[in-house]
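See structure below.
The values are calculated or read from the model by the stated rules, or taken from the named source; none is laboratory data. These figures come from a predicted structure and were not determined experimentally. FYI the Cβ positions are ideal-geometry reconstructions off the backbone, even for glycines, and counts take in every protein chain you see.
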Ligand SMILES: [Zn+2]
Ligand SMILES: [Zn+2]
């Protein structure tokens, strides 16, 4: 799993940062990519990566502000044009369906695949054998949501040496034991799965939040997460504006991460008022609160290390 | 007047060419910019130019395909955010109003200026003392229009030496003569305006066409134009596709320019199938027909030289 930032700005594109979009690359886990928000020119950013639009399985929209959705029609069209024929699941607040359907109709965009709309935004909105996605309402000037993506524990690991010592021959019995079934050997002995397996690794937890003021829901969505992606549109000196416009300072983002006990905070949705040389100052406003904070840039990528169970910048 | 190409590709953005948008810079003539089409990321392209979104007075849409309109909502929002408060006139086929109004409503985008929609697309759609814009339907797979922008003849030029010789003193009388009024001198002599002025220069004619097959309306819109911007999505070897998809080959664009007797043809809306190294071949398909053809690139700019009354690449 990798988390690839495609757009890390706030409100409008600048030369440094595009409007919001994050790709959660699940190529190893399920051969697909999940997209979180889709600001204008997200498909242009994707052109500069190895992501293939037809691999995008799900799109999650945090809220309906233009800087989070205006790239969606173009991306949907290009996914079609580039041979995507698998259905696409689109999650987001009420209104996202009207937006997409009106734009596709007026522009006579005929997709080669169906879109499945999911506007029910509460609790668990997706679950299968591998993954679960939960959502909750944050505190912005319009309904804005956060997502918590949980990878379920991986399958148990077979301890082959132990199994062999108990007389299990190579072959299908090993697979049965690994899948959790007990087996009976030729000599009548029963070998229990739990004797020769150890629990699989825990999965990762990624929390990606939409625009928000400091709020309890943000900390809950980020509870113990391996990585919390939190907006940081303002800083200590512009704290008043943050409250007025429904945003957070980078310190508030860090306070949320501390409350949540998240392992890594990635500060995102950075205002164009902050230039590259201001980032040191931004990080200094945070260090007292939380030990591990990164500021996202367009094309920053973070990868999940299964061995160490840590997210690391690559 | 300058014509600045912001996006010269077809259908989808590529690394070389963005989707359609052309700026007609009328800064000297009226202090504003007119935009023709607004594909996704047009505002991103504008970021790399000196154009200020608030200077955009009018937007003309040729047709409703996504590669010509998906950048409009973002641009309208940024024009507002960057202090635009003058009304904006938006011309385009029926549906453009529904597109813009739905997107602004769903995304809660509140503009600081009014948009005046003009969906009546026939004949003269705009006229004032300086400029006239005419439109006509072309031949594409959906209604697609071309625009002919005519600058009216410039004011007469005063021949000061002649006026002085006839005894006209320096001062307000000269201004009256220039503006077309006859004057009476102190000694009772009448000096006629026509005696001391010569006609002003003719204005320019710019024709900017939307996606189209070879058709009569295209040649009529381009009649005697100083510059004809015509799509050239295909070439001789892909001529069959051009017909099927409602587009033109570069040779058909040139044939239209010849029929119209346009002074300069700019081939635009170039498919991503053509790489930079293919352009020589594309131009060779045209040379036999029309003597002066340029292939547009993103950020190509052409300027109107008032002295020589010619469009020239700058
Ligand atoms: Zn935002
Ligand atoms: Zn087109």
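Descriptive notes on the structure:
- Wholly enclosed helices (runs of 4 or more DSSP H) of the stretch B:162-222 bearing at least 2 residues more than 20 Å from the chain's Cα centre (by Cα): B:172-178, B:193-196
- Every residue from the stretch A:202-213 that is surrounded by fewer than 21 Cβ atoms within 10 Å (Cβ to Cβ) and within 16 Å of ligand 1 (Cβ to nearest atom): A:213
- Selection within the stretch B:98-110: residues that are more than 8 Å from chain A (Cβ to nearest Cβ) and surrounded by fewer than 16 Cβ atoms within 10 Å (Cβ to Cβ). The member of this set that is farthest from residue A:109 (Cα to Cα) is B:110.
- Members of the stretch A:244-286 found to be in a helix (DSSP H, G or I), within 16 Å of ligand 1 (Cβ to nearest atom) and touching a strand residue (DSSP E or B) at 6+ places or on another chain (Cβ under 9 Å), listed by number: A:245, A:250, A:252, A:253
- Residue match in the stretch A:228-239 (condition: touching a residue at least 60 places away in the same chain (Cβ under 8 Å) and either in a helix (DSSP H, G or I) or within 16 Å of ligand 2 (Cβ to nearest atom) (or both)): no
- In the stretch A:253-272, the residues that are at negative phi and crowded, with 24+ Cβ neighbours inside 10 Å: A:253, A:254, A:256, A:257, A:262, A:265, A:266, A:267, A:268, A:270
- Scanning the stretch B:225-239 for residues that are touching a helix residue (DSSP H, G or I) at 6+ places or on another chain (Cβ under 7 Å) and surrounded by fewer than 19 Cβ atoms within 10 Å (Cβ to Cβ) yields a single hit, B:236.
- Screening residue B:65 on (1) within 14 Å of chain A (Cβ to nearest Cβ); (2) farther than 18 Å from residue B:144 by Cβ shows it passes everything except condition (2).
- Test result for residue A:70, within 22 Å of residue A:143 (Cβ to Cβ), more than 14 Å from chain B (Cβ to nearest Cβ) and either under 18 Å from the mean Cα position of the chain (by Cα) or crowded, with 18+ Cβ neighbours inside 10 Å (or both): no
- Taken together, A:47, A:6 contain a single residue that is within 18 Å of the chain's Cα centre (by Cα), assigned by TED's automatic domain parsing to the domain that holds residue A:150 and more than 16 Å from ligand 2 (Cβ to nearest atom), which is A:6.
- Qualifying positions in the stretch B:167-187 - in contact (Cβ under 8 Å) with a residue 24 or more places away in the chain and under 19 Å from residue B:199 (Cα atoms): B:179, B:180
- Residues considered: A:192, A:178, A:152, A:157. Of these, the only one that is exposed (fewer than 15 other Cβ atoms within 10 Å of the Cβ) and touching a strand residue (DSSP E or B) at 6+ places or on another chain (Cβ under 6 Å) is A:157.
- Residues of the stretch A:10-24 satisfying the condition of being away from ligand 1 (no atom under 11 Å from the Cβ), touching a strand residue (DSSP E or B) at 6+ places or on another chain (Cβ under 7 Å) and part of a loop (DSSP other than H, G, I, E, B): A:17, A:18
- Any hit, the stretch B:52-65, residues being in contact (Cβ under 8 Å) with a residue 60 or more places away in the chain and out of contact with any strand residue (DSSP E or B) (no Cβ under 8 Å at 6 or more places or on another chain): yes
- Selected residue [within 18 Å of residue B:47 (Cα to Cα) and away from every other protein chain (no Cβ under 14 Å)] from A:32, A:8: A:8
- Residues (surrounded by fewer than 20 Cβ atoms within 10 Å (Cβ to Cβ) and assigned to a loop (DSSP other than H, G, I, E, B)) located in the stretch A:36-56: A:48, A:49, A:50, A:51, A:52
- The one condition from (1) surrounded by 12 or more Cβ atoms within 10 Å (Cβ to Cβ); (2) touching a residue at least 24 places away in the same chain (Cβ under 8 Å) that residue B:199 does not meet is (1).
- Some residue of the stretch A:119-136 being over 26 Å from residue A:88 (Cα atoms) and either in contact (Cβ under 8 Å) with a residue 12 or more places away in the chain or assigned to a strand (DSSP E or B) (or both): no
- Any hit, the stretch A:19-29, residues being touching a residue at least 24 places away in the same chain (Cβ under 8 Å), over 21 Å from residue A:126 (Cα atoms) and touching a helix residue (DSSP H, G or I) at 6+ places or on another chain (Cβ under 9 Å): yes
- For residue B:142, the conditions (1) buried (at least 17 other Cβ atoms within 10 Å of the Cβ); (2) away from ligand 1 (no atom under 16 Å from the Cβ); (3) within 14 Å of chain A (Cβ to nearest Cβ) are fulfilled apart from (1).
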